[in-house]
1. For the chain, set up a GNM with springs between Cα atoms under 10 Å and report which of Asp103, Asp34, Asp14 has the largest fluctuation.
2. Compute the length gained on full extension between Ala128 and Arg56: take 0.36 nm times their separation in residues and subtract their Cα-Cα distance, giving the result in nm to one decimal.
3. For the chain, what is the convex hull volume of its Cα atoms per residue in Å³?
4. What distance in nm separates the two pseudo spin-label positions at Glu9 and Asn165, each 7 Å out from Cα along the beta-carbon direction?
5. Determine which lysines satisfy two conditions relative to Lys3: a Cα distance under 18 Å, and not lying fewer than 8 residues away in the same chain.
6. Estimate the FRET efficiency between Val20 and Asn140 by the formula 1/(1 + (r/R0)^6), using the beta-carbon distance for r and 35 Å for R0, to the nearest 0.05.
7. Hey, can you grab everything whose amide H is under 5 Å from the amide H of Asn79? Only 5+ residues off in sequence or another chain; H modelled, so Pro and N-termini drop out.
8. Report, in debye and to the nearest 20, how large the dipole of the chain comes out about its Cα centre when Lys and Arg carry +1 and Asp and Glu carry -1 on their Cβ.
Amino acid sequence: MQKPTPIDEEIKLDTKHYIVSETDAKGKITYANDYFMEISGYNKEELIGQPHSIIRHPDMPKIVFKLLWETLKQGKNINTVVKNLAKDGRYYWIFTEFEIRRDKESNKIIGYHASRKTISKHVVEIIADLYKKLLEIEKNEGVEQSEEYLILFLKEKGDDVNFTNIMEEIHRFY
Ligand SMILES: Cc1cc2nc3c(=O)[nH]c(=O)nc-3n(C[C@H](O)[C@H](O)[C@H](O)COP(=O)(O)O)c2cc1C
């Protein structure tokens, strides 16, 4: 499917609704709730079986997804701020809680669950600045350098700060 061309128009989200989806272990969509479909503009047939990157926005730095997958593969849940691309080219920012789903008997990872809600304009501003910088470094110097920048950025915030808890902190305090 052809990727939509991004336009500079934000979709307003309803604070009462969660945008929910589930994937298999490889990140292919197995479930999307009604609100996911309403906001993304894709219907069930267009979503189920597709890689979740169908709504990836080009403003998102690669390092964020690298850290997301590394964390999930280590068996840890993670929360991340994400900018998504709707079918009509508009965008929406959300705070996403990623959760691992395991087979009850074998305990093997069988998929992932993502639940998303709105974030304040202030949080978006902080994160958008950080992601912009990361993307700029990625384009000019590569993903490794953007990772270096992110590590330094986190270190400046404190010794015990990592990508997962900075997202929670930013979300909680701003
Ligand atoms: C449960 C789950 C939900 C996801 N939700 C999103 C999402 O809303 N937006 C997004 O861009 N990527 C999402 N991803 C990450 C994608 O799988 C993918 O890594 C990302 O879009 C980057 O695409 P790429 O790895 O092809 O570069 C999700 C992954 C999982 C496991």
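1. Result for the chain, Cα springs under 10 Å: Asp103 fluctuates most.
2. Fully extending the segment from Ala128 to Arg56 adds 24.4 nm.
3. Per-residue hull volume (Cα only) is 131 Å³.
4. Simple spin-label model gives 4.2 nm for this pair.
5. Partners within reach: Lys28, Lys44, Lys62, Lys83, Lys87.
6. Result of the calculation: an efficiency of 0.45.
7. Close amide H contacts, sequence-distant or interchain: Phe98.
8. The calculation lands at about 400 debye.
No lab work stands behind these numbers, since they all come straight from the coordinates. It should be emphasised that the depicted structure is a prediction, and the values quoted were computed from it without experimental measurement. We place every Cβ from the backbone using ideal geometry, glycine too, and count neighbours over all the protein chains shown.
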